[in-house]
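K.L.:
Sharing a structure below in structure tokens format, with a few things to ask.
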Amino acid sequence: MQSIYDIRFKAALFDLDGVVFDTEPQYSVFWGEQCRRYHPEEPGLEHRIKGQTLTQIFDAHFSGDLLEEQGKITERLNEFESKMNFIYVAGFLNYIQRLRQEGVKTAVVTSSNKVKMEAVYASHPEFTSLFDAILTSEDFAESKPSPDCYLRAAARFGADPADCVVFEDSFNGLKSGRAAGMCVVGLSTTNPAESIAPLCDLVISDYLESQTL
């Protein structure tokens with residue numbers, strides 16, 4: 001039985017939503033409202049778009065006749081995120097503090113933009129002190145599942161991909177970490193453990209030391 005506390009690496013790279021913060025249920029509420037408004041013919045669409053970037057969601061479901069609605073949705077999303085509850089996934093704070101004590105480099109690698117991150121910093125002033133680097137959507141040429149974002153994070157630390165571990169919850173994020181040639185730990189906060197397991201080296205439900213596979 002392996003635990004995240006048994007894995008040895010030089011850099012730990014974390015997605016944000018569903019990995020650092022347990023925010024996915026809140027996003028389901030927001031996107032549920034948007035999908036019922038624009039796509040009442042597709043019940044449950046908000047669950048099928050989990051883990052996708054805003055650009056990917058817009059391109060697939062809000063283009064064509066709905067193109068002019070993208071700006072309105074973005075404004076609603078920014079307003080929603082400014083009032084979100086950013087609650088750490090259980091055990092995360094203790095885990096990342098332990099990593100830093102052991103000299104492991106830490107980074108957030110998220111498709112969220114800088115506007116969203118300002119809401120995070122306002123809610124958690126300590127957030128930036130937990131990481132050696134924070135990479136947002138503005139820092140990447142390609143979105144997940146491309147490995148670009150994680151390879152850029154590894155390069156930031158001068159680390160070989162094989163010496164990095166990725167923590168992800170979405171299918172696109174897990175594929176990104178796998179394509180980057182890194183160890184991949186999947187959190188079952190967004191999708192069932194059995195669904196993400198084929199893309200992971202280890203699956204956990206949170207960061208409590210008792211979590212093993």
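K.L.:
Cross-link candidates for K83: which lysines have Cα within less than 27 Å, leaving aside residues fewer than 8 places away along the same chain?
P.N.:
Cross-link targets: K50, K72, K114, K116, K144.
K.L.:
Let me check the size of the chain from its C-alpha atoms; what are the radius of gyration and Dmax in Å?
P.N.:
In order Rg, Dmax, the Cα atoms of the chain give 16.9, 53 Å.
K.L.:
Per residue, how big is the convex hull of the range 17-135 when only Cα atoms are used? Give it in Å³.
P.N.:
104 Å³
K.L.:
Restricting the count to DSSP beta bridges whose residues both fall in the chain, what percent are antiparallel, rounded to a multiple of 5?
P.N.:
Looking only at bridges with both residues in the chain, the antiparallel portion is about 10 percent.
K.L.:
Further, regarding this structure: Could you order the peptides 128-138, 105-115, 156-166 from most to least packed, using the average number of other C-beta atoms within 10 Å per residue?
P.N.:
The packing order, highest mean first, is 105-115, 156-166, 128-138.
K.L.:
Using a ≥ b ≥ c from the Cα gyration tensor of the range 48-115 (square roots of the eigenvalues), is it rounded, prolate or oblate, where a/c under 1.5 gives rounded and otherwise the larger of a/b and b/c decides, a/b for prolate?
P.N.:
Note, shape of the range 48-115 comes out prolate.
K.L.:
Using alpha carbons only, how many degrees (0 to 90, rounded to 10) separate the axis of helix 148-157 from the longest principal axis of the chain?
P.N.:
40 degrees
K.L.:
Something else now. Under a 10 Å cutoff between Cα atoms, tell me which one of D201, D22, D65 has the largest fluctuation in the Gaussian network model of the chain.
P.N.:
The residue with the greatest mean-square fluctuation here is D65.
K.L.:
Taking the chain as a Gaussian network, where each spring joins two C-alpha atoms under 10 Å apart, which residue of L99, L67, L151 fluctuates the most?
P.N.:
L67
K.L.:
Once a ≥ b ≥ c are taken as the square roots of the eigenvalues of the Cα gyration tensor of the range 67-177, is the result rounded (a/c under 1.5), prolate (a/b larger than b/c) or oblate (a/b not larger than b/c)?
P.N.:
Verdict is oblate for the range 67-177.
None of the figures in this text is laboratory data; all of them are computed from the coordinates on show. Treat the numbers as computed from the prediction; the structure is a model and nothing was measured. Ideal geometry is used to build each Cβ from the backbone, glycine not excepted, and the neighbour counts take in all protein chains shown.
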